[in-house]
Amino acid sequence: MSQPDTGRFTIGVFQDVAWARRGIDALLADGFVAESITIISRASPEVATLIESTLGAPAGYVDLKTLGTVLALGPLVRQLQGSDDGLTRAGLGATIARAGFQAHDGYIYETLTGRGGVLVAIHNESRAADALAKLHSYGGGNAAIGAWTGRLHDQALVRPEAI
């Protein structure tokens, strides 16, 4: 039995709000929809303005185990929370595997965000390489595409005797 394709996340961390704004504006100008973008950063008025002006909705406050209170909005937040409220209880590094990344990637993103960076993630399987190029072009540090997380139990991947 096939599982639904959850898609691929592409993540990068910008050094500050100004760099993040340029990167997000470039993503939006290139046809990425606001609903596919996630922003996570330490709470500040500048971050709140960035999220509302680029994504069209106010950010929510999330208390992360290792970072404290952050402002966050987007599909990556929902993916990392899970049914066990994992992002709040375990932190970004411990839950990043839910988005197809290795734990060490999560700890790097967590560290950069803790130092004042703005994490930007794009949820778009078909345009993951385009998103990666935009993140790199506009200063998104440690930008990477997560491992494919969809169709893990596709019939073609299951031994015939297991069916």
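Brief remarks follow.
- Simple spin-label estimate for Arg78 and Asp63 in nanometres, 7 Å along Cα-Cβ: 2.4 nm
- Length gained when the stretch Asp130-Ala29 is fully extended (0.36 nm per residue, less Cα-Cα span): 35.1 nm
All of the numbers you see were taken from the coordinates with simple rules; none came from a lab. Since the model is a prediction, treat every value here as computed from it, not as a measurement. Note that we place each Cβ from the backbone using ideal geometry, even for glycine, and neighbour counts take in every protein chain shown.
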